[in-house]
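A quick write-up on the structure given underneath.
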Amino acid sequence: MRQTPNSVPVSSGNRSTEQVVVFSIGEYSFAISAAAVQEIRNTDSLGGMVMELESSVVSKVGHTIERDSRSYFVVSGSDHFHLPPSRPTTLLILARTPTAVLVDRIEEMAGMRTIVALPRSFQGKERIWYRGLTILDGKVLPVVDPRGFLTTNELRSLEQHAAERHATAESAHSGGEST
């Protein structure tokens, strides 16, 4: 594979690759670093770990999930990428961020050799969502930046909202709420 000025090898050495999870939302495919994914779960197996947010301060987040004493904000992949609504069956629980993402399915695990900088035609939010582009099996895929699912401000708002809900629930359980 010939290097272009905008392509960057994933790491040094001719045979180095970065493992990625290829997932889809509707008819669109994306790649994300396997190192950025802590766990992959089928939505049918989540059960009581999911809590619905009555009034989310971030529209693409409708639920939280509890895993290993940590809370994760569940982002709708279709809402995040501004895609038509889909039927997600899989949850990607991300590492190093309190975020989980609903996707339709996992297509494969693959080795990514090169990532290409985003073309200038990618404007605005896309520059936050994606690390770049790659080619896998002759198909161009955007490589998702796991930090792009929730901005720092969105996370701060969600965490503040969750803390307020928790304080209200604690007050109600301790009898501090009057009627």
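Would you grab the residues whose amide H sits under 5 Å from the one on Val74? Only those 5+ places off in sequence or on another chain, please, with H modelled 1.01 Å from N.
HN-HN under 5 Å from Val74: Gly62, His63, Thr64, Ile65, Ala100.
Starting at the first residue of segment 79-86, write each ³J(HN,Hα) from the Karplus equation 6.51 cos²θ - 1.76 cosθ + 1.60 with θ = phi - 60°, in whole Hz, x for Gly and Pro.
Residue by residue, segment 79-86 yields 5, 4, 8, 6, 9, x, x, 9 Hz.
Give the Rg (one decimal place) followed by the Dmax (whole number) of segment 56-104, computed from C-alpha coordinates and expressed in Å.
For segment 56-104, the Cα-based Rg and Dmax read 10.6, 33 Å.
Going by amide H atoms built from the backbone, whose H comes under 5 Å of the H on Ala95, apart from near neighbours?
Sorted by chain and number, the residues that satisfy this are Val37, Gln38.
List every residue whose amide H lies under 5 Å from the amide H of Leu136, counting only residues 5 or more places away in sequence or on a different chain, with H placed 1.01 Å from N in the peptide plane.
Close amide H contacts, sequence-distant or interchain: Leu141.
Under the 0.36 nm per residue contour assumption, what length would be gained going from the current alpha-carbon distance of Asn42 and Asn153 to full extension?
Values: separation 111, 0.36 × 111 = 39.96 nm, distance 2.89 nm.
Full-extension gain reported as 37.1 nm.
Which chymotrypsin sites (Phe, Trp or Tyr not before Pro) does segment 42-113 hold that lie in a coil by DSSP with at most 10 other beta carbons within 10 Å? Each step should come with its number before you reach the end.
Numbers: sites: Tyr72, Phe73, Phe81; in loops: Phe81.
Passing sites in segment 42-113 do not exist.
Show me the ranking of peptides 91-100, 37-46 by mean Cβ neighbours inside 10 Å, starting with the highest. Intermediate results must be reported in sequence, preceding the final value.
Values: 91-100: 19.5, 37-46: 13.6.
The densest-packed peptide leads the list: 91-100, 37-46.
Taken together, the values in this text are just the output of simple stated rules run on the coordinates, not laboratory data. Predicted model only: the values in this text are computed from it and were never measured. Neighbour counts are summed over all protein chains in view; Cβ atoms, including those assigned to glycine, are modelled from backbone coordinates with ideal geometry.
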